[in-house]
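Single-structure report; data block below.
None of the figures in this text is laboratory data; all of them are computed from the coordinates on show. Quick caveat: nothing in here was measured; it's all calculated off a predicted structure. Here the Cβ is made from the backbone with ideal geometry for all residues, glycine too, and neighbour counts use every protein chain on show.
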Amino acid sequence: NITIIGGGNMARALLGGLIARGHGSDALAVVEIDAEARATVAARFGVATFSAIEPAAVGNADVIVIAVKPQNVRIVARELATLLKRQVVLTVAAGIRLSDLSRWLLGYRRLVRAMPNTPAAIGRGITVAVGNQRVDAANSPSLLPKCCITRAGSIPARAATPRIVVRSKPSAPVFLLP
């Protein structure tokens, strides 16, 4: 079960990819504060929608995707913090460090960050996800094909920040550049 917080373009791209790849809409939920955007998401994808972060929205989720503008992540995290149990929290917001997200989530540590913007928008490409020590290689690669709708790679957090991932086409190998 996946809950996406935010109902904008990124959330819609993720929802479209998940559903196109066979993920049931009954296992998806979206939290969106804007009534018009919420109605659009519900009508287009047939997913449960919520107007606020609440136990019913996130309680059954295995993965919670934060898909809001970077300037709103802190507010979302503070609202979400007391509702987390064992879910993996995946942020797709640009420029958000896992250390900051953990602090805003009151020390919660099952975190992953990814930047699937172009791959999610076109349904092809590569997304690199970086998990902290509570989300290891055993479970983050299995999350990403579901959440980021691309073929995914996983590299340690200490290696991800100073490197660039280059891939010329979906079947090409991945190169990490210093």
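Averaged over every viewing direction, what's the projected area of the C-alpha convex hull for the stretch 1-91? Give it in nm², one decimal, please. Don't jump to the answer; show the numbers that get you there.
Numbers: hull surface 20.6 nm².
Result: 5.2 nm².
Taking Rh as the Kirkwood radius computed over C-alpha pairs, what is the Stokes-Einstein D of the stretch 1-49 at 37 °C in a medium of viscosity 0.692 mPa s, expressed in µm² per second?
On the way: Rh = 10.3 Å.
Stokes-Einstein gives a translational diffusion coefficient of 318 µm²/s.
Could you tell me the largest-minus-smallest coordinate of the C-alpha atoms of the stretch 44-83 on each of the three principal axes, in descending order and whole angstroms?
28, 23, 18
Given charges of +1 on the Cβ of Lys and Arg and -1 on the Cβ of Asp and Glu, with all other atoms neutral, how large is the dipole of the stretch 29-80 about its Cα centre, in debye to the nearest 20?
Numbers: 5 positive and 6 negative charges, 31 e Å.
That gives the stretch 29-80 a dipole magnitude of about 140 debye.
Using DSSP to call loops (not H, G, I, E or B), can you name the trypsin sites (Lys or Arg not before Pro) in the stretch 38-105 whose Cβ has at most 11 other Cβ atoms within 10 angstrom? Let's see the in-between values first.
Details: sites: Arg38, Arg44, Arg74, Arg78, Lys85, Arg86, Arg97, Arg103; in loops: Lys85, Arg86, Arg97.
When the trypsin sites (Lys or Arg not before Pro) of the stretch 38-105 are filtered for loop state and at most 11 Cβ neighbours within 10 Å, Lys85, Arg86 remain.
Fully extended, how many nm does the chain gain between Asp26 and Arg44 (0.36 nm per residue separation, minus their Cα-Cα distance)? Let's see the in-between values first.
Values: separation 18, 0.36 × 18 = 6.48 nm, distance 1.34 nm.
Answer, rounded to one decimal: 5.1 nm.
Tell me, what is the FRET efficiency for Gln71 and Ile33 to the nearest 0.05, using R0 = 25 angstrom and their Cβ-Cβ distance as r? Spell out each step's value before the answer.
Working: r = 14 Å, r/R0 = 0.57.
Approximately 0.95, to the nearest 0.05.
What are the equivalent ellipsoid semi-axes of the stretch 54-119, built from the alpha-carbon gyration tensor (square roots of five times its eigenvalues), in whole angstrom, biggest first? Kindly include the intermediate steps, with their values, before the conclusion.
Details: eigenvalues 63, 35, 24 Å².
Rounded to whole Å, the semi-axes are 18, 13, 11.
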